[in-house]
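The values are calculated or read from the model by the stated rules, or taken from the named source; none is laboratory data. Predicted model, so just to flag it, every value in this text is computed and none were measured. Note that we place each Cβ from the backbone using ideal geometry, even for glycine, and neighbour counts take in every protein chain shown.
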Amino acid sequence: MLADELGEQEKVAADMRLVNAVSSENKVFSTVFRNPEIKVSKKIAIVQDIFAQHVCKASMAFLEFVVRKSRSVNLNGISASYLDLYRDSHDIVLSKFTTASTVDSSITDLVSKAVAAHTGKEVELVAKTDPKIIGGFAIEYNNNIYDARLSTKLVKLRQQFDKNVYESKL
């Protein structure tokens with residue numbers, strides 16, 4: 001990769017995290033780059049306005065190249081793919097930790113250590129809250145899910161009651 005040759009792999013990875021966050025969370029950004037009516041020069045100007053102060057020269061040149069080649073609609077996927085390649089080359093596993101409420105850093109550290117012990121790799125933990133799970137937590141990594149959510153247990157209990165396994169045999 002070019003980032004390896006330039007010795008900026010860590011910086012480019014951080015830049016791609018930023019690009020990924022902006023492109024996945026900002027609907028206006030995505031809409032602008034999907035619109036074929038907006039000229040390439042205007043899209044390049046938008047990319048420069050948003051990212052020029054925050055990313056390295058190599059990342060900026062790459063973003064401009066992507067826009068010039070009319071592939072800006074794929075910025076989210078491109079940045080996510082780069083991050084996957086980066087994690088693979090550095091033995092890092094992406095893990096998602098979902099809880100019903102915010103937890104402190106000691107809990108996230110324990111989760112990171114547990115996943116690291118299980119996978120034998122360094123862990124990049126993304127912690128998020130989702131009040132819909134009511135209580136408990138879920139940990140996802142390498143296509144594995146440890147599901148200790150209260151909402152899941154309630155669904156399973158509801159399914160058991162629908163089967164009526166507790167009906168008396170009298």
Where I134 falls short, out of the listed (1) at positive phi; (2) free of Cβ contacts under 8 Å to residues at least 12 places away in the same chain: (2)
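Can you report the number of residues in the stretch 90-108 which are assigned to a helix (DSSP H, G or I) and either surrounded by 12 or more Cβ atoms within 10 Å (Cβ to Cβ) or modelled with pLDDT of 95 or more (or both)? Give the derivation first.
First pass over the stretch 90-108, keeping only residues assigned to a helix (DSSP H, G or I): 105-108.
Remaining after also requiring either surrounded by 12 or more Cβ atoms within 10 Å (Cβ to Cβ) or modelled with pLDDT of 95 or more (or both): 107-108.
The qualifying residues number 2.
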Pick from the stretch 16-68, criterion part of a loop (DSSP other than H, G, I, E, B) and free of Cβ contacts under 8 Å to residues at least 24 places away in the same chain, ranking: nearest to S79 (Cα to Cα): N26
Single residue of T31, T102 found to be hydroxyl-bearing (S, T, Y) and outside the structural domain of L6 (by TED's automatic domain parsing): T102
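Quickly run through the stretch 108-134 and pick out the residues that are β-branched (V, I, T) and either within 20 Å of the chain's Cα centre (by Cα) or within 22 Å of Y86 (Cβ to Cβ) (or both). First the steps, then the outcome.
Initially, the stretch 108-134 is screened for residues β-branched (V, I, T), giving 108, 111, 115, 119, 123, 126, 129, 133-134.
Matches in the stretch 108-134: T108, V111, V115, T119, V123, V126, T129, I133.
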